[in-house]
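Notes follow the structure.
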Amino acid sequence: MDNKKKLMIFVLFFLIALLFWRLRVFLFYRQGNLSFLRDITGLTIHHYHYGIFFILISALFLIFYKRNLFSIGLIGFGFGSVFDSFISSLLKSNTNRVIEIARYNQNFYLTIFLFLIIIMLSVIFYLFSRNIKKSKI
């Protein structure tokens, strides 16, 4: 698998995570509803927690198995999950769910900016890897 394909898969799943979590919050939690898991356990599990879990699983795949579309897509989705809620998690936490969701939605443009920076860094790393391979030839 070439680096261009890896870049495309990573960026695609990185953006899918943004779309997935934003739609999920918009459709199910915009009124301040609690998720089933949060309602039952009382734990404030956010999607960056899920993202860290996805990154861990993909890292184990990369270390012990191999680099394939699944592991690269999983790590892209994990990073997308973490960085989607990164900006809003930097702000002071609030126990009021409606305020928490409003803060998450208010930071949409900053989150998009952060996503663009990460995608640009990914492209830069891809371009550097191409140049390194060409210079070895």
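Just so it is clear, none of the values below were taken in a lab; they were calculated from the coordinates. This is a predicted model, so every value here is computed, not measured. So basically every Cβ, Gly included, is an ideal-geometry build from the backbone, and we count neighbours across all protein chains shown.
Across the chain, where is the longest run that never hits trypsin sites (Lys or Arg not before Pro) in a DSSP loop with at most 10 other C-beta atoms within 10 Å?
Value returned for the longest uninterrupted segment is 1-65.
Can you give the FRET efficiency for MET8 and ALA59, using 1/(1 + (r/R0)^6), R0 = 30 Å, r = Cβ-Cβ distance, to the nearest 0.05?
FRET efficiency, MET8 to ALA59: 0.90.
What FRET efficiency comes out for PHE36 versus ARG97 if R0 is 22 angstrom and r is the Cβ-Cβ distance? Round to the nearest 0.05.
0.95
Residue separation times 0.36 nm, minus the C-alpha to C-alpha distance between VAL25 and ILE52: what's the value?
Difference between extended and current length: 7.9 nm.
Taking 8 Å as the Cα distance limit and 6 or more residues as the minimum spacing, I'd like the relative contact order of the chain as a percentage.
Reported as a whole number, the value is 34 percent.
Would you order PHE10, PHE108 from fewest to most other beta-carbon atoms within 10 Å of each residue's own beta-carbon?
By the 10 Å Cβ count, ascending, the order reads PHE108, PHE10.
Largest first and in whole Å, give the semi-axes of the chain's equivalent ellipsoid, each being the square root of 5 times a Cα gyration tensor eigenvalue.
Each semi-axis is √(5λ); the values are 33, 17, 11 Å.
If you look for lysine pairs in the chain that are eight or more places apart or on different chains, how many of them have Cα atoms under 29 Å apart?
15
What chymotrypsin sites (Phe, Trp or Tyr not before Pro) does region 18-103 have in DSSP loop regions with at most 15 other beta carbons within 10 Å?
TYR65
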